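Visitor: One structure, as structure tokens, below. Some questions next.
The values are calculated or read from the model by the stated rules, or taken from the named source; none is laboratory data. From a predicted model like this one, the values you see are computed outputs, not experimental measurements. Please note: Cβ atoms are built from the backbone with ideal geometry, for glycine as well, and neighbour counts cover all protein chains shown. To get the accessible areas, we keep the full protein, side chains included, count just its heavy atoms, and leave off ligands, DNA and RNA. Shrake-Rupley method; radii C 1.70, N 1.55, O 1.52, S 1.80 Å.
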Amino acid sequence: MKLRKVTAASATVFALALTATACGGDNSSGGDSGSDGGKTITVGIKFDQPGLGQKTPQGYAGFDVDVATYVAKKLGYNEDQIEWKEAKSADRETMLQRGDVDFIAATYSITPERQEKVDFAGPYLLAHQDVLVRADDNKIKSPKDLNNAKLCSVTGSTSAQNVKDKLAPKAQLQPYPTYSACLPGLQNGAIDALTTDDSILAGYAAQSQFKGKFKLGGFKLTNENYGIGVKKGSDLKDKINKALEDMVADKAWQKAVDENLGPANYKNEPAPKIGEIKS
């Protein structure tokens, strides 16, 4: 933040600005006035998902970040007017209900339970639960081939347990604290497969140190409709939907997919139509 010398004239302007704010100024685009008179918007993303939403020494990167940045621009905000906040999975509904953020783009699957608490624009990506295996592994060609395989099980995730319960009852679940921790184990053969959303898997596999070392199974075990969450009743929903349609129409959506997830040979579904939820 740049510190500026306060002159008498600027102090008067500042006082008037405070008075206007106290009288209840409203910003229909979902932001508020910054200290220099410019508006800002607060956006929730993941900070720890490579290829989707990740905080790096250079800033924020990933497909969700690109989508959110495009949407914010269509709403009237430049990139430097975006305040990024970490939106952990368990906190997303609360953050929206409290008004901590204006919208959330964070691998946020649209579900009936969540729709009771918040509204969703989109969907903007159709993902699927899938598996990630070593690039030279030709043994795991279908979900049933996960029987007797060592499958990474991440604390707090139900993906691996769902595979064991419904598709491969003999799968050997191997506990790891995070998906990132699974990758070296997958690389050195300590585990045979890792499962979660294919978009998330592609993001991890697209990291420079892992390029060419893993591949997606392409099993499409579930449909995950990623939406942009907004507070219940927010007028931002319609505006964001229009921005998403524009992003697809001008090819920026496909470019963002290719740049962030393409290195893992991620075969994305076509951009979903607004309001079309696949169960």
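Visitor: For the stretch 132-149, which positions are β-branched (Val, Ile, Thr) and farther than 13 Å from residue 171 by Cα?
Guide: 133
Visitor: Another one. Is one or more of the residues making up the stretch 93-104 of a type in the set (Lys, Arg) and touching a residue at least 24 places away in the same chain (Cβ under 8 Å)?
Guide: Filtering the stretch 93-104 down to residues of a type in the set (Lys, Arg) leaves 98.
Now restrict to residues that are touching a residue at least 24 places away in the same chain (Cβ under 8 Å): none.
No; the residues of the stretch 93-104 include none that is of a type in the set (Lys, Arg) and touching a residue at least 24 places away in the same chain (Cβ under 8 Å).
Visitor: Now for a separate question. Checking the conditions here, which among 269, 276, 224 is of a type in the set (Asp, Glu) and open to solvent by 50 Å² or more (accessible area, probe 1.4 Å)?
Guide: 276
Visitor: Restricting attention to the stretch 42-81, and to residues there that are charged (D, E, K, R) and buried (at least 19 other Cβ atoms within 10 Å of the Cβ), which single residue is nearest to residue 92 (Cα to Cα)?
Guide: The first filter runs over the stretch 42-81 and keeps only residues charged (D, E, K, R), leaving 46, 48, 55, 64, 66, 73-74, 79-80.
Cutting the leftovers down to buried (at least 19 other Cβ atoms within 10 Å of the Cβ) gives us 46, 64, 66.
On the way: 46: 10, 64: 15, 66: 19 Å.
Out of the qualifying residues, it is 46.
Visitor: Mind counting the residues in the stretch 229-266 that are open to solvent by 70 Å² or more (accessible area, probe 1.4 Å) and within 27 Å of residue 208 (Cα to Cα)?
Guide: 5
Visitor: A further question on this structure: Return yes or no: is residue 208 small (Gly, Ala, Ser), within 17 Å of residue 61 (Cβ to Cβ) and either open to solvent by 30 Å² or more (accessible area, probe 1.4 Å) or free of Cβ contacts under 8 Å to residues at least 60 places away in the same chain (or both)?
Guide: For residue 208, the condition - small (Gly, Ala, Ser), within 17 Å of residue 61 (Cβ to Cβ) and either open to solvent by 30 Å² or more (accessible area, probe 1.4 Å) or free of Cβ contacts under 8 Å to residues at least 60 places away in the same chain (or both) - is met.
Visitor: Determine whether the stretch 257-268 contains at least one residue that is assigned to a loop (DSSP other than H, G, I, E, B), among the basic types (Lys, Arg) and touching a helix residue (DSSP H, G or I) at 6+ places or on another chain (Cβ under 6 Å).
Guide: no
Visitor: So which residues in the stretch 119-163 are buried (at least 17 other Cβ atoms within 10 Å of the Cβ), touching a strand residue (DSSP E or B) at 6+ places or on another chain (Cβ under 7 Å) and part of a loop (DSSP other than H, G, I, E, B)? Before the answer, list the steps.
Guide: Let us first name the residues in the stretch 119-163 that are buried (at least 17 other Cβ atoms within 10 Å of the Cβ), namely 119-134, 137, 140, 143, 145-146, 149-154, 159-160, 163.
Adding the requirement that they be touching a strand residue (DSSP E or B) at 6+ places or on another chain (Cβ under 7 Å) leaves 119-134, 140, 146, 149-154, 159-160, 163.
Residues satisfying the conditions are 128, 140, 149.
Visitor: Being over 22 Å from residue 263 (Cα atoms), surrounded by 22 or more Cβ atoms within 10 Å (Cβ to Cβ) and of a type outside the set (Gly, Ala, Ser) narrows it down to one residue among 191, 200; which is it?
Guide: Exactly one of 191, 200 is over 22 Å from residue 263 (Cα atoms), surrounded by 22 or more Cβ atoms within 10 Å (Cβ to Cβ) and of a type outside the set (Gly, Ala, Ser), namely 191.
Visitor: Just to be sure I understand, how many residues within the stretch 72-98 are out of contact with any strand residue (DSSP E or B) (no Cβ under 7 Å at 6 or more places or on another chain) and among the aliphatic types (A, V, I, L, M)?
Guide: 1
Visitor: Does residue 91 count as open to solvent by 40 Å² or more (accessible area, probe 1.4 Å) and in a loop (DSSP other than H, G, I, E, B)?
Guide: No: the conditions fail for residue 91.
Visitor: Select from the stretch 206-218 the residues that are in contact with a Leu (Cβ under 9 Å, 6 or more places away or on another chain) and assigned to a loop (DSSP other than H, G, I, E, B) and list them in ascending order.
Guide: 206, 207, 213, 217
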